[in-house]
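Scroll down for the structure; my scribbles are underneath it.
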Amino acid sequence: MAVVDETVWAKKASAKRAALTQSIPPAFRIPTDILPPETQLDVSQFPAESKWFTPEELEITSTTASALLEKIASKAWSSEHVTKAFCKRAAAAHQLTNCLSEAFFDEAVETAKALDKHLAKTGKTIGPLHGLPISLKDNFNIVGKDSTVGFTSWVDDPQTYNSTLVELLRDAGAVFYVKTNVPTAMMIAETVNNVFGRTVNPLNRALTSGGSSGGESALIVFGGSPLGIGTDIGGSLRIPAACTGIFTLRPSLGRFPTLRARSGLAGQEAVASVNGPMGKTLDDIVLFSKTVVGLEPWMHDPKCLPIPWRLVEPKLKLKIGVIWNDGMVTPTPPVQRALRETVEKLKKAGHELIDWDTSTHKQAVSLIQRMFVADGGKSVRHILKPTDEPFRPEMSGYELASEMGVHEMWQLHLERTDFQKAYLDQWNCHGVDALLGPTTPYASVESGKFKHVGYTGTFNVLDYSAVSFPCRVKANKEVDQYGSDYQPMTETDKEIRDEYNKDLVHGMPVSLQLIARRLEEEKVLAMTKTILEAL
């Protein structure tokens, strides 16, 4: 029996990191004399302040995805120039936040040149995303590229097929140039793994960018991507979006294709993993959603539903249930204030708001926790084994779990369905259009201290469509403090209270989430626009 060198995993990780560094061309490496010191926490303004970017590069990388498409289609800007600008800014983002897992800038530029040539020759774009650079979370497969999902055993394992969504976006004219970092198996609410290490938040590098789509959120808020694609099984789109103050849509299963993407829990379908867009504006989220549905993904992915994009007339008066807390964890003071102020503004705008009973949310969190480890951690352990890679401490729940039997799993499915029916009945009883509440308990939080996914995970169990959006409130250390009447609901609640650092999160954007019923993506996006208009 062959003995595996105990350092194999570390050697593979080191070699992969070195290869990623080498994939960044010398022209895109930040000169040492302008490289921000590690003690500089906010590096988000580096592109504008460093004088390393040209005025045109700054203009291009500060333009929305929707506007970029118009500029490229009108030939005001070439896809080549747009792609090069985003490659440079993405390279800078990685050097300052460790947000990438793959970079293939030369290939991207060649793709962009070919698209420019097609437009010049035919006078027509190749599709609705013609020439637009789009970043991809690491688990989306691209032929010839690794999809390590944070595992050393999947290093140097180039994929032989594209994810279905990648195929559709490519055929629509998208230009792929980077893939972004994820936590091990994409099952941690921060972005850290044994291959690439930790991704940090460019708004404050002492804070997390969230997870599991935290490479995407860091890249986007830095300006290194006009539009990114992530995934969500327990909050993996919404948590990183909230930690960095950007927009995202968590769709219900069936709207966007999920076929042929890589997973650390392949075959786990008790709670669905879904794909969704991440961007700096709501309009860009709508653009992606409408475009992908328009590509008829149900003709390519058997799990996609044949539901064309539907026009939704905005309601002048919404009835919204307010989630003040989830019965387990009190939102930290910046989130409490953001929710209060948003509710008051919505009331003044004529909307009806009622308090929402969250007493059943504890059951949802229990359900999702049991679903994730139902195989006793076998899936993760099997992927770690070839290189003897150790479990990360954040994955201790998988390391220690016991496998469920088939009958026990079936009972869990029944419990899930009963929970979904009870929640549906509650929704119908109150007749609300949507729920409004925290995306997470935090504006953001110090790396390694993210502790609670109940605000997002509940709606994964329900498979409801949800938007996380920045609500135009920023954390303020002068006013955002716990009241003298605070009483912890759980031990986790107390820990979050004890670890709250008002000075460190000062100035960070605060996000909320708006939740609609299943398969109401068009409606939740339209309602989010209505809410933003009231703020």
| said: Among the residues of the stretch 348-379, what is the count of those that are in a helix (DSSP H, G or I) and hydroxyl-bearing (Ser, Thr, Tyr)? | reply: 2
| request: Would you confirm whether any residue within the stretch 98-120 is surrounded by 24 or more Cβ atoms within 10 Å (Cβ to Cβ), within 23 Å of the chain's Cα centre (by Cα), among the aromatic types (Phe, Trp, Tyr) and under 30 Å from Ser14 (Cα atoms)? | output: no
| Do we have Leu249 as touching a residue at least 60 places away in the same chain (Cβ under 8 Å), crowded, with 22+ Cβ neighbours inside 10 Å and touching a Gly at 6+ places or on another chain (Cβ under 6 Å) here? | yes
| Sole residue being in contact with a Gly (Cβ under 8 Å, 6 or more places away or on another chain), in a helix (DSSP H, G or I) and open to solvent by less than 50 Å² (accessible area, probe 1.4 Å), chosen from Thr456, Thr528 | Thr456
| field | Unmet criterion (only one of (1) out of contact with any strand residue (DSSP E or B) (no Cβ under 6 Å at 6 or more places or on another chain); (2) surrounded by 20 or more Cβ atoms within 10 Å (Cβ to Cβ)) for Trp410 | value | (2)
| field | Test for Ser263: is it within 10 Å of the chain's Cα centre (by Cα) and touching a residue at least 40 places away in the same chain (Cβ under 8 Å) | value | no
| task | Run down Val312, Val286 and say which single residue is β-branched (Val, Ile, Thr), closer than 15 Å to Lys529 by Cβ, open to solvent by 20 Å² or more (accessible area, probe 1.4 Å) and not in a loop (DSSP other than H, G, I, E, B). | result | Val286
| task | For the stretch 335-347, state whether one or more residues are open to solvent by 60 Å² or more (accessible area, probe 1.4 Å) and either assigned to a loop (DSSP other than H, G, I, E, B) or touching a residue at least 24 places away in the same chain (Cβ under 8 Å) (or both). | result | yes
| Within the stretch 122-165, tally of residues that are hydrophobic (A, V, I, L, M, F, W, C) and in a loop (DSSP other than H, G, I, E, B) | 8
| message | Looking at the structure I just gave you, is Val322 over 21 Å from Ile531 (Cα atoms), β-branched (Val, Ile, Thr) and surrounded by 15 or more Cβ atoms within 10 Å (Cβ to Cβ)? | response | no
| query | Looking at the stretch 497-518, which of its residues are touching a Lys or Arg at 6+ places or on another chain (Cβ under 7 Å) and either at positive phi or among the polar types (S, T, N, Q) (or both)? | reply | Gly507, Gln513
| remark: The residue from Asn193, Asn204 that alone is open to solvent by less than 10 Å² (accessible area, probe 1.4 Å) and more than 30 Å from Glu70 (Cβ to Cβ) is Asn193
| Of (1) of a type in the set (A, V, I, L, M, F, W, C); (2) in contact with a helix residue (DSSP H, G or I) (Cβ under 6 Å, 6 or more places away or on another chain); (3) in a strand (DSSP E or B), Ile320 satisfies all except one. Which? | (2)
| Count - residues of the stretch 380-404 that are assigned to a helix (DSSP H, G or I) and surrounded by fewer than 20 Cβ atoms within 10 Å (Cβ to Cβ) | 10
| said: For Ile307, only one of the following conditions fails: (1) closer than 30 Å to Gly173 by Cα; (2) in a loop (DSSP other than H, G, I, E, B); (3) without any contact (Cβ under 8 Å) to a residue 40 or more places away in the chain. What is its number? | reply: (3)
| said: Take Thr439 and tell me if it is under 30 Å from Pro333 (Cβ atoms), touching a helix residue (DSSP H, G or I) at 6+ places or on another chain (Cβ under 6 Å), crowded, with 18+ Cβ neighbours inside 10 Å and not basic (Lys, Arg). | reply: yes
| request: Kindly indicate whether any position in the stretch 479-498 is open to solvent by less than 20 Å² (accessible area, probe 1.4 Å), under 21 Å from the mean Cα position of the chain (by Cα) and closer than 30 Å to Lys421 by Cα. | output: no
| Does Ile24 qualify as being hydrophobic (A, V, I, L, M, F, W, C) and in contact with a His (Cβ under 8 Å, 6 or more places away or on another chain)? | yes
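The values are calculated or read from the model by the stated rules, or taken from the named source; none is laboratory data. All figures in this text were calculated on a predicted structure; none of them were measured in a lab. Cβ coordinates were reconstructed from backbone atoms using ideal geometry, including for glycine residues, and neighbour counts include every protein chain displayed. Protein only, heavy atoms only, side chains kept; ligands, DNA and RNA dropped before computing areas. Shrake-Rupley method; radii C 1.70, N 1.55, O 1.52, S 1.80 Å.
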